[in-house]
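The structure appears right after this line, and notes come after that.
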Amino acid sequence: MMLKKELKKIKRIPIVVRDRLGLASQADLVHLKSQLQDTQAELAKSKSQLQNTQTELAQLKEPSHFCVLRKRIAEQYLKGNGIEIGPLHQPLEIPSHATVRYIDRMPVDELKKLYPELSDYEFVEPDILDDGESLLSIPDSSVDFVIANHMIEHCENPIGTIEHHLRVLKQDGILYIAVPDKRCIFDRDRPITPLEHVLRDYREGPAWSMYSHFEEFARLVNKVSEEEVATHVQHLINVKYSIHYHVWTDKDFLQVILYCKENLGFSFELELFQKNGFEFIVILRKTNVVN
């Protein structure tokens, strides 16, 4: 009798095992299906981001999209001899009564390696190799205008950069700045850089915030996974990639400009503050130093 009971138990074992395997397989399938859905959602998100990036890049590559107003403003304000900082493949079209020299931090062949997405375009060969933030090779009060289009957001110390740009201008010289509106480009997910932040960069130097800018860029622009952030940041730093350190809307950048004038004593008049599609254009005229 005991033997029969044991034999019945043995016969039931495969059934129990099959049932448990079936349950396990079903759970695995549900889990795999969930993972697949998550992956598909991530792919859709990446595809959307890629489409947005391609659209933004197309805007930057298409002169007719925003250069008409740029040119009109240049004709109104630029004359004499000046400099343009970091023109890459899109130098400002200046009027016939003005001449310009180009400044960049490295030669064209190195710039093209740094910006492979623009490799099909003809870059402007710089006349002067210099740091566009400090302009140490340019004497004080020596040029009639400074052009810095889509440059100030790349500066670690934007207020210090404006100060140096005003330094090299002659009396009544023009600082021509175009700044991307962060809401209209790949920076849309990043928080606006507050005035207090750029003031600290100006007073203490930008080293305190440099790494955090790269982390924010990695996470919110390049959308790398959390596990890859540190490696990605180090790569960007190693190749000296020129990220957007700071981002603004028009009203937030205007606050920075007005603070420079009203609280830091920078000597200029705000001649123009003009929206231009995905960017805004700022014209400052250097005035007498106030003692």
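The values are calculated or read from the model by the stated rules, or taken from the named source; none is laboratory data. None of the values given here were measured: they were computed from a predicted structure. Cβ placement follows ideal geometry from the backbone for every residue including glycine, while neighbour counts extend to all protein chains displayed. Calculation scope for accessible area: heavy atoms of the full protein, side chains included, ligands and nucleic acids excluded. Shrake-Rupley method; radii C 1.70, N 1.55, O 1.52, S 1.80 Å.
Summary table
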| item | result |
| --- | --- |
| Some residue of segment 234-254 being modelled with pLDDT of 95 or more and over 20 Å from the mean Cα position of the chain (by Cα) | no |
| Among (1) at pLDDT 95 or above; (2) open to solvent by 30 Å² or more (accessible area, probe 1.4 Å), the one test that LEU169 misses | (2) |
| TYR176 vs. criteria free of Cβ contacts under 8 Å to residues at least 60 places away in the same chain and open to solvent by less than 50 Å² (accessible area, probe 1.4 Å) | no |
| Count - residues of segment 151-192 that are closer than 14 Å to ASP131 by Cα, out of contact with any Phe, Trp or Tyr (no Cβ under 7 Å at 6 or more places or on another chain) and of a type outside the set (A, V, I, L, M, F, W, C) | 4 |
| Tabulated pairs, segment 219-243, first without any contact (Cβ under 8 Å) to a residue 60 or more places away in the chain, second of a type in the set (Asp, Glu) and not in a loop (DSSP other than H, G, I, E, B), C-beta under 8 angstrom, 6+ apart or interchain | ARG219/GLU226; VAL229/GLU215; VAL233/GLU215 |
| Residue count for segment 116-129, restricted to those that are surrounded by fewer than 17 Cβ atoms within 10 Å (Cβ to Cβ), touching a residue at least 24 places away in the same chain (Cβ under 8 Å) and assigned to a loop (DSSP other than H, G, I, E, B) | 3 |
| Subset of segment 83-125 [at pLDDT 90 or above, more than 28 Å from ARG72 (Cβ to Cβ) and of a type in the set (Lys, Arg)] | ARG105 |
| Unmet requirement for ILE103, which otherwise passes all of (1) surrounded by 21 or more Cβ atoms within 10 Å (Cβ to Cβ); (2) part of a loop (DSSP other than H, G, I, E, B) | (2) |
| Segment 243-259, subset of a type outside the set (A, V, I, L, M, F, W, C) and touching a Leu at 6+ places or on another chain (Cβ under 7 Å), residue nearest to PRO191 (Cα to Cα) | GLN255 |
| Elements of type helices (runs of 4 or more DSSP H) in segment 202-291, at least 1 residues being open to solvent by 50 Å² or more (accessible area, probe 1.4 Å) and of a type in the set (Val, Ile, Thr) | 229-238 |
